[in-house]
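Okay, so here's the structure we're looking at.
The values are calculated or read from the model by the stated rules, or taken from the named source; none is laboratory data. Computed from a predicted structure; not experimentally measured. Virtual Cβ from ideal backbone geometry, glycine too; neighbours counted across all protein chains shown.
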Amino acid sequence: MLFEALIIKCIQQIKLERTVYATYHLLKGKKSIQTLHDAKLYGLERYYGVYPSLDKRLFDSKISLLLKCEYIVRNSKEESFITITTEGIDWFNQTKKQVPIHYFYGHHNTDAFFFERLLLVIQTYTNIKMNNFSFIPITEKPEITNWVRQLYRNVGKNPEEILSTLYDELHELLITFTDLEASLLVDRFTGYKYYGMSVDQLSEKYELPIEDVPLLFMGMSQKMQQLIKQNQSAYPLLSLFIVNKQSTALITKTAQQTYHFLKQGYNIGDIARIRKLKENTIQDHLVEIALHEPEFPLSDYVTVQQQDMILHAIKEVGTYKLKVIMEAIDDTTINYFQIRLVLARMERGEEYATN
Amino acid sequence: MLQTNQLEEKLKQHFHYSTFRKGQREIIEDVLARKDVLGILPTGSGKSICYQLPALLQEGTTIVVSPLISLMIDQVKELKAMNIKRVVALNSFVDPSTRRKIYQNLHQYKLIYVSPELLQQNEILRHLKQINVSLFVVDEAHCISQWGHEFRPDYLKLSNVIELLGNPPVLALSATATKLVQDDIVNSLNLPNVIKHIYPMDRNNIMLTVREVMDNHEKLEILQTILTDYKVPTIIYFSSRIAAEEVSQHLSKHLKSHRISYYHGGMEASDRVAIQQQFINNQLDVICCTSAFGMGINKNDIRLVIHYHFPSQIESYIQEIGRAGRDGHSSLSMVLYSRTDAFLPKNMIENELPSEEQLNFAVRVIKQYHENNNGLPTDENILPILNLNEIQWRFLRYQLEKHDIIKGNMFQVTKMNWERFLEYVNSIRKDRLVLKEDKLTEMIRWLNERRCLRKHLYKNFQESYSKPIEQCCSSCGFSLEKWQPIQNSSKQDIQLNWEKKLQKLLLHGEIG
């Protein structure tokens, strides 16, 4: 039900302005400027990329189900555009009390590797404690294994000490969750001569829909990180598990390169020439940077006066569709690129969407 | 050369075993003497030690050709867990840029696992030629034989590779090879002076039973009864993923005291590892699985192997039951056989070869590429275009290569009589179909055998068999009541709350 609630939430916010696959890409965390932009524009950054392994067939089947329940309907003119019904709103308001949709804090605020680091640390230290140095690690991602190696070298060679600190901190965190959630998480842990349960096994044991299990782990991971950050002194060990605190991680590599040139004072035309890319592409990069970089110098590209005009037009038409906004602006000097930049910088989201 | 006891020391040092198992030492000594060796060792006798230990003891690099990518990956994981780090697996799952990086440093590795397909690429051969290859291992060597149960055309090209690498010593290994197949291996690899180490594959601690049933309903009833009476580590084999999942769920519901799960190739890698490790650590009692489960599993106390569906050939059956009772204690194989089951393997066989219509279509498409002077799309992309599955395309591609029509993805001929080629491939297809159907018939005949099952199971592989330690088989008067296997006081899942469980896991070191 958590998964359905997330879909409904996204559809509710996006309204009829994007096709239903905008929601799919958003939950899956597609690294396209369009999807990142959508996440910010519609106040859905919290849910961006919460389900990386999402399968298109699963998504389609849930959409059909929600259509059948009449929580959502297809637009009469455009089949691929979907909107929420009053029954859907009622259902969502009921459901959100039962599922922890509020656990999600978004990729930009959290470290995607936190949970896997935790799992591997537990497996590693419980084995070391029993003097077993040959075990098959639950993950082989170098981002995770190298980090655990570093932790071992820098912080703790005494497994008893580490494990007892870890126990205290984890216990402190887990009592803030429901019993079911805490049990689910503990059942996932792998230790000495003991292997954690697979997603299928957990879904069977706790009678949860199979797609909700990874979502719950993601939500819990993000919530745990939030709790840790709010009270770092209470979690000296687990604080170390949150490595990536910077939102620039969301900017694609190629946009980062553009940003690098930008900071050195090159303009769009220069960068396009140096990087042998089209100016349009560089503009896309700038929109991406504007989305995530608080220090982006917006007024270098849109004067304050132009910004006011664009914001005014957006308010007037009540939509984020570029073409409609453009038509509402009299000033012919304003172009699409400038509108996109303003949209990217706007304090957007909930207040507009829930009106 | 190392003294006998020195070999044992090295075994202990690297692999933590104190003694060799039957056949291992003999093979390793000949390998270290740089002789060509053919080793036929029964499943579960530790074949891989026969090259892993020499790889560590010799200068240079050992190359292992292995047809099963998942097995390759598992072995590399296990070696790394044992702190043997200079090993690598090369196959189509490794992306090209990573592969290239590995190629630059090939000489650093003691042990390189490689898939036979990859060995056909010039790039890797060029790099392999530049390093010192101390041993060339052909694992699952029966794949080389058209008469074998898992013929892999790429294996036929291995002799060229060996020659290209300057004829390093060769070790060919298999668990199931009839005399005919053994001859094929020696001839195809061109090893006139080979030393053969052939060990009998019969297992005197496994009782062989076939139980004829009316339908699936009866199978489920029998499963429930036998699992209730015997709570021992159990594998149940199925011919389809869906059946494995469904029966696993059904049994979980009806046998609350058992911990049951399923395993098949369609699951995520991390989940597959989880299930496998849980079974090894006695967190699970019963695994419902396809033939994907069991390869390279190190568990000594599996007592019961049940076939819910029978395999399509004797060789697979021997391999699958060979996972039982590796500790030498009494174990049981039971095939639940319903006469209507025969169509299942028949379907599987037909899926492994393209149908006549499929061949017609595929050759027509290839002809088009040829006439337009284009190369063929890559292996990954071509399957949907030709409407073939991977095994079927492998079959056709081999025929194209064998006739020098293509090399890699490029055509080698200008003029081509496609009609005749199609006719020829069709005749080969028919031969292979007949061969596979013969294997299936042989399996079914064995299931219906009224005389000693043991004698007739092994008759094509060896002259005789050793006397069973307990009861022999269901033809020789088997009675289930008399079977009293060691029942490990298997850990019960004590339902702990999460706090207790977390405490045990992190502070006490062990759960259960």
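Picking from residues in the stretch B:273-298 that are modelled with pLDDT under 90 and either of a type in the set (Lys, Arg) or touching a Leu at 6+ places or on another chain (Cβ under 7 Å) (or both), the one that is nearest to residue B:335 (Cα to Cα) is B:295. Picking from residues in the stretch B:202-230 that are over 27 Å from the mean Cα position of the chain (by Cα) and outside any helix (DSSP H, G or I), the one that is nearest to the other protein chains (Cβ to nearest Cβ) is B:230. Figure legend. Inter-residue proximity from the stretch A:203-228: first residues on the phi < 0 side of the Ramachandran plot and of a type in the set (A, V, I, L, M), second residues surrounded by fewer than 18 Cβ atoms within 10 Å (Cβ to Cβ) and not in a helix (DSSP H, G or I), beta-carbon distance below 7 Å, spacing 6+ or different chains. Indicated pairs: A:227/A:176.
Cβ separations smaller than 8 Å between residues 6+ apart or across chains give the following pairs from the stretch A:105-131 residues that are away from every other protein chain (no Cβ under 14 Å) to residues that are of a type in the set (Ser, Thr, Tyr) and crowded, with 19+ Cβ neighbours inside 10 Å: A:106/A:47; A:106/A:48; A:107/A:48; A:108/A:48; A:110/A:221; A:114/A:221. Scoring residue A:196 on the criteria (1) crowded, with 20+ Cβ neighbours inside 10 Å; (2) of a type outside the set (A, V, I, L, M); (3) not in a loop (DSSP other than H, G, I, E, B) leaves a single failure, condition (3). Within the stretch B:338-357, restricting attention to residues that are over 21 Å from the mean Cα position of the chain (by Cα) and closer than 18 Å to residue B:437 by Cβ, the residue that is surrounded by the fewest Cβ atoms within 10 Å (Cβ to Cβ) is B:343. If we scan the stretch B:19-40, do we find a residue that is touching a residue at least 40 places away in the same chain (Cβ under 8 Å), surrounded by fewer than 21 Cβ atoms within 10 Å (Cβ to Cβ) and touching a Gly at 6+ places or on another chain (Cβ under 8 Å)? Looking through the stretch B:19-40, at least one residue is touching a residue at least 40 places away in the same chain (Cβ under 8 Å), surrounded by fewer than 21 Cβ atoms within 10 Å (Cβ to Cβ) and touching a Gly at 6+ places or on another chain (Cβ under 8 Å).
Is it the case that some residue within the stretch A:159-175 is surrounded by fewer than 17 Cβ atoms within 10 Å (Cβ to Cβ) and away from chain B (no Cβ under 13 Å)? Looking for residues that are surrounded by fewer than 17 Cβ atoms within 10 Å (Cβ to Cβ) and away from chain B (no Cβ under 13 Å), one finds none in the stretch A:159-175, hence no. Please tell me if residue B:363 is within 20 Å of residue B:426 (Cβ to Cβ), in contact (Cβ under 8 Å) with a residue 60 or more places away in the chain, not assigned by TED's automatic domain parsing to the domain that holds residue B:210 and not charged (D, E, K, R). Answer is yes for this residue.
In this entry, residue A:91 is excluded by the filter for residues that are more than 26 Å from residue A:44 (Cβ to Cβ), modelled with pLDDT of 90 or more and among the aromatic types (Phe, Trp, Tyr). Within the stretch B:460-499, the set of residues being farther than 29 Å from residue B:282 by Cβ, charged (D, E, K, R) and at pLDDT 90 or above comprises B:467 only. For the stretch A:203-223, residues that are within 13 Å of chain B (Cβ to nearest Cβ) and either within 24 Å of residue A:241 (Cα to Cα) or assigned to a helix (DSSP H, G or I) (or both) total 7.
Of all residues in the stretch B:291-312, those being of a type in the set (S, T, N, Q) and surrounded by 21 or more Cβ atoms within 10 Å (Cβ to Cβ) number 1.
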